[in-house]
């Protein structure tokens, strides 16, 4: 059990070192588009708008077969969306459209996603993660933790000392699984407000069921919530408050969902997905 936990931590560090710059790069290429006419503005309308404006703004960067817009992710109720562009320069230029363009008679707002990371800080985070990985591989876990803490990087399951695998249950922390399992831990889709408000709490569970159901049969969704919901802001980030857990009928569905959801932006937050043991999920039910 101890060896598995150590290997899991090392794997997370490797993934952190490899994805730090890539994840930041996406936020540098993405813009938040708000003030949309709910339910009427479509993804295709936004795609056409940003494609045409970016083609006009960057005529020298046009590539046959490649549009400026890489992806459009619309909120389920159509109130806002995230538009991913081909380069950071295009995303910066797109900010100029804010309150300058109207869709269905309503001016749109364009801004940076809340997960936006300055390029220099992204590079620092990547270097810190690599330094932590090298320290971890040499056996110096204290130095590894220090390297991460200096950059404000949090690695799930890294803080507890080796051998202190937490007991299963609602207050236990989920330990990443090395191998694919049927269960996922999802962060970045739950906010303190979601845990406080009954309506938002049910909505995020339904959103998870609907989105994950595209990749396989979902057997259950658990979003840990304080016994007194009003205490969520104070307890958020402790135990498993702020995480969501999804159980699939098979590991293939979980793998496909993880591949599709991990790294996405949800309400301005980058979604992080890891595998966890089915026993952990069952203890939460």
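From the list 223, 276, the lone residue that is buried (at least 20 other Cβ atoms within 10 Å of the Cβ), in contact with a helix residue (DSSP H, G or I) (Cβ under 8 Å, 6 or more places away or on another chain) and closer than 15 Å to residue 184 by Cα is 223. Only one of the listed residues (246, 271) is under 27 Å from residue 78 (Cβ atoms), in contact with a strand residue (DSSP E or B) (Cβ under 8 Å, 6 or more places away or on another chain), surrounded by fewer than 20 Cβ atoms within 10 Å (Cβ to Cβ) and in contact (Cβ under 8 Å) with a residue 40 or more places away in the chain. That residue is 271. Condition test on residue 126, is it outside the structural domain of residue 275 (by TED's automatic domain parsing) and either at pLDDT below 85 or touching a strand residue (DSSP E or B) at 6+ places or on another chain (Cβ under 7 Å) (or both)? Against the criterion (outside the structural domain of residue 275 (by TED's automatic domain parsing) and either at pLDDT below 85 or touching a strand residue (DSSP E or B) at 6+ places or on another chain (Cβ under 7 Å) (or both)), residue 126 qualifies.
Only one of the listed residues (159, 177, 154) is part of a loop (DSSP other than H, G, I, E, B), under 30 Å from residue 75 (Cα atoms), out of contact with any helix residue (DSSP H, G or I) (no Cβ under 6 Å at 6 or more places or on another chain) and modelled with pLDDT under 90. That residue is 154. Applying the criterion of at least 3 residues that are out of contact with any helix residue (DSSP H, G or I) (no Cβ under 6 Å at 6 or more places or on another chain) and at pLDDT 90 or above to the helices (runs of 4 or more DSSP H) found wholly in the range 1-116 leaves 43-57, 88-94.
Residue-by-condition table, conditions (1) within 19 Å of residue 282 (Cβ to Cβ); (2) in a loop (DSSP other than H, G, I, E, B):
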{"position": "186", "(1), (2)": "yes, no"}
{"position": "233", "(1), (2)": "no, no"}
{"position": "237", "(1), (2)": "no, yes"}
{"position": "253", "(1), (2)": "yes, no"}
{"position": "260", "(1), (2)": "no, no"}
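The number of residues in the range 45-66 being out of contact with any strand residue (DSSP E or B) (no Cβ under 8 Å at 6 or more places or on another chain) and over 11 Å from residue 90 (Cβ atoms) comes to 10.
The values are calculated or read from the model by the stated rules, or taken from the named source; none is laboratory data. Predicted model, so just to flag it, every value in this text is computed and none were measured. In this analysis, Cβ positions are derived from the backbone assuming ideal geometry, glycine residues included, and neighbour counts consider all displayed protein chains.
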